[in-house]
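In what follows, a structure is listed as structure tokens, so that the remarks can point back to it.
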Amino acid sequence: MGADSAVLDFVEALYRVNRLIVDDARQHIAEIAELDVSEFMVLRAASRGAVSPTELTRQLSTHPSATSRTITRLVRAGLLQRSSATADARRLTVSLTDEGRRIVGLIARRIRPELQRRFDAVGPDRVAELLDTLHAFLRGGVPDSSE
């Protein structure tokens, strides 16, 4: 297998895995709430604690205007709330509302079993190695500073 073939095989495998996971997630999300996958990803990121729109944009690799529109939709839906950061009142953060936490929990419980089945079939060591590899790839091959 040549280098060109390996790169294209990698792209194809990521594409297929992405479709598999996103299509499955889309179905489960639709059964719980009127959200799309990108809106759920914003909620999921905010479930880890208050976060700035800039940090959401970075974490989710989205365009700032798309992040802003998604936040606005989720605030209007009562799933996110905006507030000023405690350390700097000029800095905006978003966090989940109680309803947002409830929705994230319901969706996560629906998505998790199918993914867990696939992870169990692969094995925890291989899943951990895959996650490390993907994170390294996302960092552009730069070592994780926490290592």
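Enumerate the helices in the chain for which the Kyte-Doolittle hydropathy averages 0.0 or more and the C-alpha atoms extend at least 30 Å along the helix's axis, using complete DSSP H runs. Span-like helices, by this rule, are 3-32. Between PHE10 and GLN27, the contour length at 0.36 nm per residue exceeds the alpha carbon distance by 3.5 nm.
Taking a ≥ b ≥ c as the square roots of the eigenvalues of the alpha-carbon gyration tensor, segment 53-133 is classed prolate because a/c is 1.5 or more and a/b outweighs b/c. Of the peptides 50-62, 4-16, the order by per-residue mean of other Cβ atoms within 10 Å, starting with the highest, comes out as 50-62, 4-16. Model label points for ALA136 and SER47, set 7 angstrom from Cα along the Cα-to-Cβ axis, are 2.9 nm apart. For the pair ARG101 and ALA128, a Förster radius of 35 Å applied to the C-beta separation gives a FRET efficiency near 0.80, rounded to the nearest 0.05. Convex hull volume of the Cα atoms of segment 1-111, normalised per residue: 123 Å³. Length gained on full extension, GLU34 to ARG58, computed as 0.36 nm times the residue gap minus the Cα-Cα distance: 6.2 nm.
Coordinate-derived values only; no laboratory data. Nothing here was measured: the structure is a model prediction, and the numbers come from that model. When we count neighbours, we look across all protein chains shown, and the Cβ atoms used for this are built from the backbone with ideal geometry, even at glycine.
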